[in-house]
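First up is the structure itself, then whatever we jot down about it.
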Amino acid sequence: MALSPTTSDTTGPSPASGSARPRVRFPAGFLWGASTSSYQIEGGADEDGRTPSIWDTFSHTPGRTERGETGDVACDHYHRYRDDVALMSELGLGAYRFSVSWSRVQPTGRGPAAQRGLDFYRSLADELLGAGITPVLTLYHWDLPQELEDAGGWPERDTALRFADYAGLVADALGDRVKMWTTLNEPWCSAFLGYGSGVHAPGRTEPLAALRAAHHLNLAHGLASTALREALPSDAQLSVSLNPAAVRPRSDSPADRDAARRIDALATRIFTGPMLHGAYDEDLLADTAGITDWSFVRDGDVACAHQPLDGICVNYYTPSVVSAVAGEREAERRDGHGASDHSPWPGADRVAFHQPPGVTTEMGWSVDPGGLTELLLRFHQEAPGVPLYITENGAACADEPDGEGRVHDPERIAYVRSHLAAVHRAMEGGADVRGYFLWSLLDNFEWSYGYSKRFGIVHVDFASQRRTPKSSAHWYADVARTGELAES
Ligand code: IFM
């Protein structure tokens, strides 16, 4: 079903709709893409001068990842990127979001760039542009050079300064090819899973370090944005990818609503406060006062983090349902972020997380598209006039090829369909959403879960590196081609 090239409305059924399912139409120019990240797919871990990142160290530490799996080879994308771009082209993707491995392009996290590392990303961008696919570059998707962690990592201010230098190097090398730039991916995970619960690299479990890391990530975003604006052509678009929480109190009681407020502050407002409004909220500072007086925040830091943005990128998978813990009871820790005796929520020890009823994905995450509509409408209100993108959304399913080598994943199609409908509802409510990037293009290294969770629309047989587009890939290609979605 082809779209008229001039069609740009986002509401109402398609005039061509003849099926029983109502159809929604996305505007012409809407970006249909898929996302990946460097450590999760590249492999080539010690090639061409790349040095270890915190994820190399962490995954090589016994007991840190499922079955001791690492990203040493992953999807071998470092050697197969041409074929992967050809696959994207066959699927008709309009955009591809990838991240740069910092230690591949600046091996010690300081000093001059490594030419061969930069050349890889230049060739990748050229390949994409040649195929008519818009490259969308994320500077940091969790793989900090190990040398910078050895110097203290994100809890130390210097890491933010190093990040700005790195941003400038990458901008100088790719600014002529890449127009869409994202500073950080999900800084909440870097700070609170990396330094709080320790389920992510570098595996530290220090509440104060987690809060310091969050602040220095905000500062890093601000400093890098300034460096990017200086180095990039004026038509470059700058954004950040956040994973804000859609938090629901389990009941309407004041205690449960307060629990939701605390998690909202720690998950979302700790970043949107400085980045969008130039301040940390008072309630966040009060909730964490037992851990820190925030004296590591220097004059001018939050103003620096508060940079003009050309887009806000939202990553969404599942909501959180929380309640207050009464009395001496231990808080339930089903927050969906992996098993640890340490909390990723400093200052929220008396908050319990609950599994919502209903369907879950292989991650155990409940399927609730309403959370995505809610978050998009929230950003529409909080940052009026700033275009929104969904830079990650998708589902892990237990996908395996059938006897004929085909991979059927109707659960993933249902998940993506319902979330695209949720995006459309937010657009009907006024949200200026410009694109959707499915997580993920390929099955890949799912962090501490190793290769046990498959998020790809393309199946990867990790032994042979054979790629097989799943039925969701063909379905998504059709949505991308027509700009239309049949709601279930
Ligand atoms: O695989 C991750 C990705 O790296 C960051 N966002 C969530 C995805 C699924 O867990």
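A short reminder: the numbers here are calculations on the coordinates, not readings from a lab. What you see is a predicted model; the values in this text were computed from it and never measured. So basically every Cβ, Gly included, is an ideal-geometry build from the backbone, and we count neighbours across all protein chains shown.
Residue pairs whose Cβ atoms lie under 7 Å apart, sitting 6 or more positions apart in sequence or on different chains, and linking a residue in the range 65-93 that is part of a loop (DSSP other than H, G, I, E, B) to a partner that is of a type in the set (K, R), are G92/R481. Of all residues in the range 431-488, those that are within 16 Å of the ligand (Cβ to nearest atom) and either among the aliphatic types (A, V, I, L, M) or in contact with a His (Cβ under 8 Å, 6 or more places away or on another chain) (or both) total 9.
Looking at the range 452-473, is at least one residue part of a strand (DSSP E or B), of a type in the set (F, W, Y) and crowded, with 16+ Cβ neighbours inside 10 Å?
Scanning the range 452-473 turns up no residue that is part of a strand (DSSP E or B), of a type in the set (F, W, Y) and crowded, with 16+ Cβ neighbours inside 10 Å.
Considering S448, S440, S464, S471, which residue is in contact (Cβ under 8 Å) with a residue 60 or more places away in the chain, hydroxyl-bearing (S, T, Y) and more than 27 Å from A339 (Cβ to Cβ)? Before the answer, list the steps.
Working: S448 fails: more than 27 Å from A339 (Cβ to Cβ); S440 fails: more than 27 Å from A339 (Cβ to Cβ); S464 fails: in contact (Cβ under 8 Å) with a residue 60 or more places away in the chain.
After applying the criteria, what remains is S471.
Condition (residue is touching a Pro at 6+ places or on another chain (Cβ under 8 Å) and assigned to a loop (DSSP other than H, G, I, E, B)) applied to the range 275-285: is it met by at least one residue? Yes: the range 275-285 contains one or more residues that are touching a Pro at 6+ places or on another chain (Cβ under 8 Å) and assigned to a loop (DSSP other than H, G, I, E, B).
Taking the conditions (1) closer than 20 Å to S197 by Cβ; (2) in contact (Cβ under 8 Å) with a residue 24 or more places away in the chain; (3) assigned to a helix (DSSP H, G or I); (4) touching a helix residue (DSSP H, G or I) at 6+ places or on another chain (Cβ under 9 Å) in turn, A259 satisfies each one other than (4).
Given the structure, is T391 more than 16 Å from the ligand (Cβ to nearest atom), polar (S, T, N, Q) and either within 28 Å of I133 (Cβ to Cβ) or part of a helix (DSSP H, G or I) (or both)? Answer is no for this residue. Entry remark, the range 26-58: residues being outside any helix (DSSP H, G or I), within 16 Å of the ligand (Cβ to nearest atom) and β-branched (V, I, T) number 1 in total. Which residues, counting only those in the range 195-231, are acidic (D, E) and closer than 30 Å to H60 by Cα? Correct list: E206 only. If you scan the range 354-388, which residues turn out to be charged (D, E, K, R), under 15 Å from Y317 (Cα atoms) and more than 14 Å from the ligand (Cβ to nearest atom)? Listed by number, the residues that qualify are D368, E374. Of everything listed in (1) under 21 Å from the mean Cα position of the chain (by Cα); (2) over 19 Å from W447 (Cβ atoms), the single unmet condition for S190 is (2).
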